[in-house]
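The values are calculated or read from the model by the stated rules, or taken from the named source; none is laboratory data. No experiment lies behind these values; they were computed from the predicted model shown. Methodologically, a virtual Cβ is constructed for each residue, glycine included, from the backbone with ideal geometry; neighbour enumeration extends over all protein chains shown. All accessible areas refer to the heavy atoms of the entire protein, side chains included, with ligands and DNA or RNA removed. Shrake-Rupley method; radii C 1.70, N 1.55, O 1.52, S 1.80 Å.
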Amino acid sequence: MVVGAGGMGRAIASMCAQDADEAGRPRWRVLGFIDEDRRLHGSRVGGLPVLGGLAAVDRYPWADLVISICHVEYQGARRRIVEALGLPPHRYPAIVHRTAVIDPSCSIGHGTVVMPMVCVLPGVTIGDHVIVRPHTMMAADVVVHDYATVAAQVFLGRHAVVEENAYVGAGAKVREYAAVGPWSVVGMGSLVLGHVPRG
């Protein structure tokens, strides 16, 4: 189930629906969306049903979840949803697009989404419930903490750090050893040469 029936939710659902193993067997069967907007309940979005709000998750105890909400205006929403649901980590698989290039030495946490054409070099650590959007490049030894969002076409230099709940906007470049502080926002197209403070 995909939590959030917006644009990113539809993109993740489509990504999962197209994902297959080496033998061509589908890896996922997308049940539908979970969304708190009551106007959507019982409708279909992108061909999939909206199953209800967060309370509906209890009806599907066997199902995995991924939380798609990543707009800068909803910073912190993924953390709030995980805490509200109180589910064990194994219910949140990592979703990695087949075109992403991830060095085997890297670590990717529960519920993290890595979208198409992302390149992750050796020694990178990506925490839980992170969203990495398309065409992002992470140099060696980067650390992206839990609940961070890395938008499309971002470059993170070697040993760069993106702290918890931070948001790095599309096309931004973060210099090696620079840090984006927790709960901070780096605007699209920015060049980060040093430490961005918390908030």
- Item | Alpha-carbon spread of segment 76-177, three principal axes, descending order, Å | 35, 24, 20
- Query: What chymotrypsin sites (Phe, Trp or Tyr not before Pro) does segment 21-65 have in DSSP loop regions with at most 12 other beta carbons within 10 Å?
  - Reply: Trp62
- Message: If the elastic network links every pair of Cα atoms under 10 Å, which of Asp21, Asp64, Asp35 fluctuates the most in the Gaussian network model of the chain?
- Response: Asp21
- Task: Keeping all protein chains in position, work out how much accessible area Ser43 exposes to a 1.4 Å probe, and write it in Å² to the nearest 10.
- Result: 40 Å²
- Message: Suppose accessible area is computed on protein heavy atoms with a 1.4 Å probe; arrange Met117, Met137 from highest to lowest.
- Response: Met117, Met137
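From the convex hull of the Cα coordinates of segment 1-89, what is the mean projected area in square nanometres?
With every direction weighted equally, the projected area is 6.3 nm².
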- Task: Determine the dipole magnitude for the chain: charges of +1 sit on the beta-carbon of Lys and Arg, -1 on that of Asp and Glu, nothing else is charged, the reference point is the Cα centre, and the result goes in debye to the nearest 20.
- Result: 400 debye
- Item | Length released on extending from Glu73 to Ser43, taking residue separation times 0.36 nm less the Cα-Cα span | 8.3 nm
- Estimated 222 nm signal from helices in the chain, with DSSP H stretches of n ≥ 4 weighted -39500 (n - 2.57), rounded to 500: -3000 deg cm²/dmol
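Considering only DSSP beta bridges with both partners in the chain, what is the antiparallel share in %, to the nearest 5? Show your work: numbers first, answer last.
Values: 3 of 39 bridges.
Bridges in the chain that DSSP calls antiparallel: roughly 10 percent.
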- Message: Which one, Gly181, Gly76, Gly42, has the greatest fluctuation when you compute a Gaussian network model over the chain with C-alpha springs under 10 angstrom?
- Response: Gly42
- Query: Which of Ile131, Ile81, Ile102 moves most in a GNM of the chain, Cα contacts under 10 Å?
  - Reply: Ile81
- Note on the structure: With every protein chain in place, the accessible area of His97 for a 1.4 Å probe, in Å² rounded to the nearest 10, comes to 30 Å²
